[in-house]
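Worksheet for the structure shown next.
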Amino acid sequence: MTPEPLYTDAQFAARFPAVFRDLGGNPQHTCMAWGLEIPPAWRPTVWALCETIHTVTTHLAATHPELEYTVVADQIKEKWGGLRFYWHGETAGWDATTPPPRTPAADAALREAESTVYGAVLCAERVIAGLCHVCAAPNPLTAAGGYPWHNTCAVCDAALRAANLARIAALDGARGAGGAVPPAVVSELQNLE
């Protein structure tokens, strides 16, 4: 029996409902329809990032409730071995033609909050860039020997390479004498789709 994964999409949505309000939404309107597209090893770091975002927005709501500021995740995914956390901030009553009246202090607080969130996202992206995407060990292999599309430590890299070599050997073994894949294997592969 496999253990329940930590930090599931549902746990993120329950703890940070404003940030993940689009989670599971219509894919024609949001990239969050597919959930958090990141390895399980990265989820604790993204959780800590969301805690920081929650702290910033809670503080801003306490000091400037008129702003009704919230941060919304647009997409959270792995791309080229790194975290991409796309987000935007929203202020209640915002209309591009008639922005709500705000005090200079509220504007400054809003700029500071967005700057803090931006910095926290950059920090999380940098932290994750140095973690193995399988086990979250620090100091993963880089382009010199590692897979170019994700970061792995030496142990996980060796395991991935061995698994891939085993898959290749199995496929080669399944090929007939003429090099063609037997019809039974083709139908099995088609059933996987």
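In this structure, is ALA120 modelled with pLDDT of 80 or more, open to solvent by less than 60 Å² (accessible area, probe 1.4 Å) and farther than 26 Å from LEU49 by Cβ?
no
Restricting to the range 1-27, name every residue that is among the aliphatic types (A, V, I, L, M) and in a loop (DSSP other than H, G, I, E, B).
The answer is MET1, LEU6, ALA18, VAL19, LEU23.
Just checking, how many residues over the range 11-67 are among the β-branched types (Val, Ile, Thr) and farther than 29 Å from CYS135 by Cα?
Restricting attention to the range 11-67, the residues satisfying the condition of being among the β-branched types (Val, Ile, Thr) are 19, 30, 38, 45-46, 52-53, 55-58, 63.
Within this subset, residues satisfying the condition of being farther than 29 Å from CYS135 by Cα are 30, 56-58, 63.
Count: 5.
Quick one: would you say ALA73 is surrounded by 11 or more Cβ atoms within 10 Å (Cβ to Cβ) and either modelled with pLDDT of 80 or more or more than 14 Å from the chain's Cα centre (by Cα) (or both)?
yes
Checking the conditions here, which among LEU6, LEU60, LEU36 is touching a residue at least 12 places away in the same chain (Cβ under 8 Å) and closer than 19 Å to ARG126 by Cβ?
LEU36
Of GLY176, GLY145, GLY130, which residue is modelled with pLDDT under 80 and under 32 Å from the mean Cα position of the chain (by Cα)? I'd like the intermediate steps shown before the answer.
On the way: GLY176 fails: under 32 Å from the mean Cα position of the chain (by Cα); GLY130 fails: modelled with pLDDT under 80.
So the residue among GLY176, GLY145, GLY130 that is modelled with pLDDT under 80 and under 32 Å from the mean Cα position of the chain (by Cα) is GLY145.
Each row is one residue, and each column tells you yes or no for (1) β-branched (Val, Ile, Thr); (2) in a loop (DSSP other than H, G, I, E, B); (3) in contact with a Phe, Trp or Tyr (Cβ under 8 Å, 6 or more places away or on another chain).
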| residue | (1), (2), (3) |
| --- | --- |
| HIS29 | no, yes, no |
| PRO44 | no, no, yes |
| ALA48 | no, no, no |
| ILE76 | yes, no, yes |
| ARG102 | no, yes, no |
| ARG111 | no, no, no |
| LEU122 | no, no, no |
| HIS133 | no, yes, yes |
| ALA136 | no, yes, yes |
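Could you please tell me which pairs satisfy a Cβ distance under 6 Å, a separation of 6+ or placement on different chains, a first residue in the range 80-93 that is under 14 Å from CYS50 (Cα atoms), and a second residue that is basic (Lys, Arg) and open to solvent by less than 40 Å² (accessible area, probe 1.4 Å)?
none
Do the conditions hold for TRP42, that is, is it under 13 Å from the mean Cα position of the chain (by Cα) and open to solvent by 70 Å² or more (accessible area, probe 1.4 Å)? Please lay out each step first, then the result.
Numbers: under 13 Å from the mean Cα position of the chain (by Cα): yes; open to solvent by 70 Å² or more (accessible area, probe 1.4 Å): no.
No; evaluated as a whole, the condition is false for this residue.
Take the conditions open to solvent by 60 Å² or more (accessible area, probe 1.4 Å), of a type outside the set (Lys, Arg) and farther than 19 Å from PHE16 by Cα and apply them to THR103. Does it pass?
On the way: open to solvent by 60 Å² or more (accessible area, probe 1.4 Å): yes; of a type outside the set (Lys, Arg): yes; farther than 19 Å from PHE16 by Cα: yes.
Yes, satisfied.
The values are calculated or read from the model by the stated rules, or taken from the named source; none is laboratory data. This structure is a prediction, so every number in the text was calculated from the model and none was measured. Glycine also receives a Cβ, built like all others from the backbone with ideal geometry; neighbour counts cover every protein chain displayed. Just so you know, the surface numbers come from the protein's heavy atoms only, side chains and all, with ligands and any DNA or RNA stripped out. Shrake-Rupley method; radii C 1.70, N 1.55, O 1.52, S 1.80 Å.
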